[in-house]
Every structure is written in C-alpha cells, then in structure tokens.
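Heads up, the thing below is written out as structure tokens.
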Amino acid sequence: MRIEPLVLSLIVFSWAAAENSGQPDIHPSRLVDLTHPLNARTLYWPTSPGGFELQRLSHGVVPGGWFYSANAFCAPEHGGTHMDAPVHFAEDGLPVDRLPMENLVAPAAVVDISAQALRDPDYRLTPEDVVSFERVHGRIPPGTLVLLRTGWSRRWPDRRSYLGDDTPGDASRLHFPSFGEAAARLLVEDRKAAALGVDTASIDHGQSKDFTVHRLAAARNVPGLENLANLERLPPVGAIVFALPMKIEGGSGGPVRVVALLPADRPGR
C-alpha cells in the first residue's frame with residue numbers, strides 16, 4: 001500500500017525536526033535542487049513543436065516612479081525537467097492536476113547505473129540491478145519515488161551529447177540509458193513505486209520505439225520525472241523528494257521543480 005499523505009507529513013516533520021528545539025530544520029545545506037532551469041537552451045524532444053520562450057512585457061521604472069518587471073512564457077508540456085502524467089500514455093490515466101500528493105512528495109531511492117551507462121549509452125536498468133541495490137539498502141518500500149542515476153545530466157544542455165543525436169525533427173536516432181521494461185514492471189507492479197524518475201530525456205531508453213515503460217507506468221497511474229539534475233548529490237536512501245508540477249488542468253504533464261530534502265546527517269555537497 002502507498003504511504004498516506006498524513007503519515008508522510010508526520011514522517012517529514014519528525015525526521016526534519018531539530019533534536020532539541022522541535023523546530024523544522026530545513027537548512028539550505030540539506031536542500032538539493034534536482035531541476036534544470038528553463039531558458040533558450042532547454043532541451044525538448046526532437047519532434048516537439050518549439051521550445052521555451054520568455055517574452056518581456058515590462059522591465060523598468062513605470063510612470064508611478066517604481067520599478068516593475070513582468071514576463072510571459074510559452075512552452076510545450078514535455079521538456080526540460082518535467083513530469084509525465086499518466087494520461088500522457090493512458091487514455092484513462094490521471095492528468096497532472098489530479099495526481100495524488102503522495103505521488104509527488106515521497107521518500108526517494110536512488111539507483112546508480114552510471115558505470116553501466118558509461119560503457120553502454122543504450123543501457124537499461126534490469127531487475128538484477130534492482131535486486132543488487134536492495135541487497136545493500138533494503139527492499140524498496142511501497143510509495144517510494146525511484147530515481148535512476150545514469151550520469152547523463154552532466155551532458156546537459158549539449159543536445160547531441162545528451163540525446164545521442166541532434167537531427168532536427170527526428171527522434172529515431174537517439175541514444176541514452178534509462179529504465180528497462182522488466183525492471184520498470186518490478187518497480188511499478190511489485191514494489192508499488194510512487195513515481196519513476198531519471199536524469200535522461202525519457203523513462204524509456206533512447207532507442208525505444210514503443211515506449212513500453214511509459215505505457216506500463218501510465219496504466220497504473222504512476223507518473224514519470226524526466227531530465228532530472230544533481231542525482232549524484234543524493235544518498236541511495238533517506239532523502240525526501242518534492243516534485244510539484246505546474247497544476248495544469250487536464251494536462252498530460254508540465255514543468256516541475258524537483259527538490260530533495262536530505263537526512264540531517266547528510267548535508268548536501
């Protein structure tokens with residue numbers, strides 16, 4: 001079963017409380033931003049109709065004599081650090097505005113396959129990788145946000161290096177690692193993961209043509225987090241991750257600010 005919101009809130013508060021004062025200890029050294037900024041260099045899927053655009057509406061002293069700044073922005077749902085809602089690949093799946101909070105705020109397990117990905121850019125997480133992780137860190141409990149560290153975020157925002165190809169409008173030649181189907185099925189169906197996240201462009205590997213991981217996760221209303229950053233700064237277990245997307249009514253996804261709160265004994269690097 002999943003961790004209920006009230007139970008998770010109590011976990012977060014009691015775990016973050018200072019030992020003597022009882023006050024929440026959310027020191028900057030314990031916060032890690034897992035989000036790439038949105039700007040003109042933000043990467044989107046090769047077939048995406050456009051990218052992030054920021055239009056300046058005002059920036060300067062207005063007639064009343066004070067400074068005022070405002071912008072308008074335009075962007076596809078799926079690009080940069082973003083969330084895939086289940087409806088992205090399941091007709092009856094939940095849209096982004098209806099996702100339960102326990103899918104968005106949850107304990108994290110960070111599975112590191114960066115060594116395998118360095119040898120093989122098309123590497124996919126296997127069930128054996130998950131079992132090896134659990135031998136060291138314990139079984140992944142229900143309601144965990146499972147983050148896959150491939151090391152790919154250091155390539156951002158070099159399109160060719162990050163995606164494996166930079167041919168405009170063509171997504172058939174991409175090469176990057178991610179979840180494998182069998183491992184994703186284990187995590188979603190057996191371990192009851194709250195969400196899957198990865199520091200590449202997709203929870204399916206670059207050469208995927210059928211997006212099996214997307215489809216099996218969406219069928220069980222498990223969202224995906226893509227283009228994450230700084231996963232190397234997280235411990236394998238013990239962090240709480242907050243992944244709060246723009247609440248777009250009916251949206252198939254949207255930009256998300258992802259932040260991790262580290263355990264008190266693990267300040268950020």
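Take the Cβ atoms of Asp170 and Trp66, set R0 to 35 Å, and the FRET efficiency comes out at 0.10.
Among beta bridges identified by DSSP and lying wholly in the chain, the antiparallel ones come to about 70 percent. Placing unit charges on the Cβ atoms of the charged side chains and taking the dipole of region 40-129 about its Cα centre, the candidate lying farthest along the positive direction among Asn71, Thr47, Ser58 is Ser58.
With the helix formula -39500 (n - 2.57) applied to DSSP H stretches of n ≥ 4, the chain reaches a computed 222 nm mean residue ellipticity of -4500 deg cm²/dmol. The residues of region 16-142 expose, per residue, 57 Å² of accessible area to a 1.4 Å probe. Of Asp170, Asp84, Asp199, the residue with the greatest mean-square motion in the GNM of the chain, using alpha carbon springs below 10 Å, is Asp170. Annotation for Ala219 and Ser29: the two label points, set 7 Å from Cα along the Cα-Cβ direction, are 4.8 nm apart.
As a fraction of the 1.4 Å probe accessible area of the chain, surface on carbon and sulfur atoms comes out at 54 percent. From the alpha carbon centroid of region 99-115 to that of region 31-52 is 20 Å.
Subtracting the Cα-Cα distance of Arg41 and Met246 from 0.36 nm times their residue separation leaves 71.8 nm of extension gain.
Evaluated with a Cβ-only charge set (Lys, Arg +1; Asp, Glu -1), region 156-246 carries a dipole of roughly 240 debye about its Cα centre, given to the nearest 20. Per residue, the accessible area of region 196-269 comes to 36 Å², computed with a 1.4 Å probe over protein heavy atoms only.
Quick one: among Val111, Val130, Val241, which has the greatest mean-square fluctuation in a GNM of the chain with alpha-carbon springs under 10 angstrom? Of Val111, Val130, Val241, the most mobile in the Gaussian network model is Val130. Applying 1/(1 + (r/R0)^6) with R0 = 30 Å to the Cβ-Cβ distance of Asp92 and Ala115 gives a FRET efficiency near 0.15. Which of rounded, prolate or oblate describes region 48-196 when judged by the alpha-carbon gyration tensor and an a/c cut-off of 1.5? Prolate shape, in that a/c is at least 1.5 and a/b is the bigger ratio. Here the chain is treated as an ellipsoid with the same Cα gyration tensor; its semi-axes, largest first and in whole Å, are 28, 26, 18. In terms of the Cα gyration tensor, with a ≥ b ≥ c the square roots of its eigenvalues, is region 110-269 rounded because a/c is under 1.5, prolate because a/b exceeds b/c, or oblate? Note, shape of region 110-269 comes out rounded. Counting only Cβ charges, +1 for Lys and Arg and -1 for Asp and Glu, the dipole size of the chain around its Cα centre is about 440 debye. Multiplying the residue separation of Lys209 and Asp122 by 0.36 nm and removing their Cα-Cα distance gives an extension gain of 30.0 nm.
In the chain the longest region clear of GluC sites (Glu not before Pro) that are loop-assigned by DSSP and have at most 11 other C-beta atoms within 10 Å covers 92-248.
The values are calculated or read from the model by the stated rules, or taken from the named source; none is laboratory data. What you are looking at is a predicted structure, and each value in this text was computed from that prediction instead of being measured. Cβ atoms come from the backbone with ideal geometry, glycine included; neighbour counts cover every protein chain shown. With ligands, DNA and RNA removed, areas are computed over all heavy atoms of the protein, side chains included. Shrake-Rupley method; radii C 1.70, N 1.55, O 1.52, S 1.80 Å.
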